[in-house]
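Just so it is clear, none of the values below were taken in a lab; they were calculated from the coordinates. It should be emphasised that the depicted structure is a prediction, and the values quoted were computed from it without experimental measurement. Positions of Cβ are generated from backbone atoms using ideal geometry, with glycine treated the same way; all protein chains shown enter the neighbour counts.
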Amino acid sequence: MNIFRLSGDLSHLLAVIILVLKIWTTRSCAGISGKSQILFAIVYVTRYLDLVTTFVSVYNTSMKVIFIGASFATIYLMYSKFKATYDHNHDSFRIEFLLAPTVILALLINQKFTVLEVLWTFSIYLESVAILPQLFMVSKTGEAESITSHYLFALGSYRGLYLLNWIYRYYAEDHYELIAIVSGIVQTVLYCDFFYLYITKVLKGKKLQLPA
Amino acid sequence: NFHRKEKDEL
């Protein structure tokens, strides 16, 4: 464990907590993409299957349980409890266009052709594009509530911090996982324009408005 | 099983 990975995990934890709290306290999931949340649930389930086969640490296991729990709680809130506030019209990204290519890519490019490894690889590829429906929705609505932008900033930062963790592990432990690194770069790059808007607008107290 | 151990990241 290193400071980059720990702060990345905490940023990720903060993001999922912000999201659940935002929906629970405002009793509304306006502006949130349910499709991205479904993709995240698939990411966590396919990546954390080793919960039942490998015990790494209490920290590792508890974080995995929290991420899976929070993502299903969010989906429950969005598609059941507060489904009246779910914005179907603006959440129109076709997630099949993300699922099919990532499944195919995981079957073609992976470390080992075993069930766990291919599912883990699929999860890594899917996570790198899972935020697209959410970013697409923000671009369609043209704006985002500030709490939603804090959620996106924390979520986007987590994988950016993981990039620093991988650089550290490469030099300190001579260990690297190329599939995770390339996907992590793609994932973080997708947030770049959002990061720019967040830093230049939201941090100055303005609302996140996309140029029309 | 060592390889699986390497997957110690979330």
Legend entry - Cα-based Rg of region A:77-120 normalised by 2.2 N^0.38 Å, two decimals: 1.74
Inset, instruction - Could you line up A:His150, A:His175 from fewest to most neighbouring Cβ atoms inside 10 Å? - result: A:His175, A:His150
Legend entry - Extent along principal axes [Cα atoms of chain A; Å; largest to smallest]: 45, 35, 33
Legend entry - Residue-wise HN-Hα coupling along region A:42-51, computed from phi with Karplus coefficients 6.51, -1.76, 1.60 (Hz; x: Gly, Pro): 5, 4, 5, 5, 6, 8, 9, 4, 6, 4
Inset, instruction - Would you mind computing the Rg to Rh ratio of region A:14-55 from its alpha-carbon coordinates, Kirkwood style for Rh? - result: 1.11
Legend entry - Exposure proxy ranking, count of Cβ atoms within 10 Å, fewest first, for A:Trp120, A:Trp24: A:Trp24, A:Trp120
Legend entry - chain A, relative contact order in percent, only Cα pairs under 8 angstrom and at least six apart counted: 31 percent
Inset, instruction - Pull up all non-local amide H partners of A:Glu143: gap of 5 or more, or a different chain, and H-to-H distance under 5 Å with H placed in the peptide plane. - result: A:Leu210
Inset, instruction - Just need the relative contact order of region A:87-150 here, percent rounded to a whole number, with Cα pairs under 8 Å and 6+ apart. - result: 41 percent
Inset, instruction - Quick one: order A:Arg47, A:Arg169 by neighbouring beta-carbon count within 10 Å, fewest to most. - result: A:Arg169, A:Arg47
Inset, instruction - Could you list the residues of region A:128-151 with an amide nitrogen less than 15 Å from a label point located 7 Å from the Cα of A:Arg94 in the Cα-to-C-beta direction? - result: A:133
Inset, instruction - Could you tally the net charge around A:Asn165, taking each other residue with its Cβ under 12 Å from the Cβ of A:Asn165, Lys/Arg +1 and Asp/Glu -1? - result: -2
Inset, instruction - Please give the FRET efficiency for A:Lys204 paired with A:Ser62, using the beta carbon to beta carbon distance and R0 = 45 Å, rounded to the nearest 0.05. - result: 0.75
Inset, instruction - Anything over 25 Å Cα to Cα? Flag those among A:Lys64/A:Lys204; A:Lys22/A:Lys140; A:Lys83/A:Lys140; A:Lys22/B:Lys7; A:Lys140/A:Lys204, in the order listed. - result: A:Lys64/A:Lys204; A:Lys22/B:Lys7
Inset, instruction - Throw me the Rg/Rh for region A:19-87, computed over C-alpha atoms with Kirkwood Rh, two decimals. - result: 1.06
Inset, instruction - Only Lys, Arg, Asp and Glu count, each charged at its Cβ (+1, +1, -1, -1), so figure out the dipole size of chain A about its Cα centre, rounded to 20 debye. - result: 620 debye
Inset, instruction - Taking all pairs of distinct Cα atoms, average 1/r, flip it, and tell me the Kirkwood hydrodynamic radius of region A:96-187 in Å to one decimal place. - result: 14.7 Å
Legend entry - If the convex hull is drawn through the Cα atoms of region A:153-210, its volume per residue in Å³: 75 Å³
Inset, instruction - Evaluate the relative contact order of region A:111-212 (contact order divided by residue number), counting alpha-carbon pairs under 8 angstrom at least 6 apart; express in whole percent. - result: 40 percent
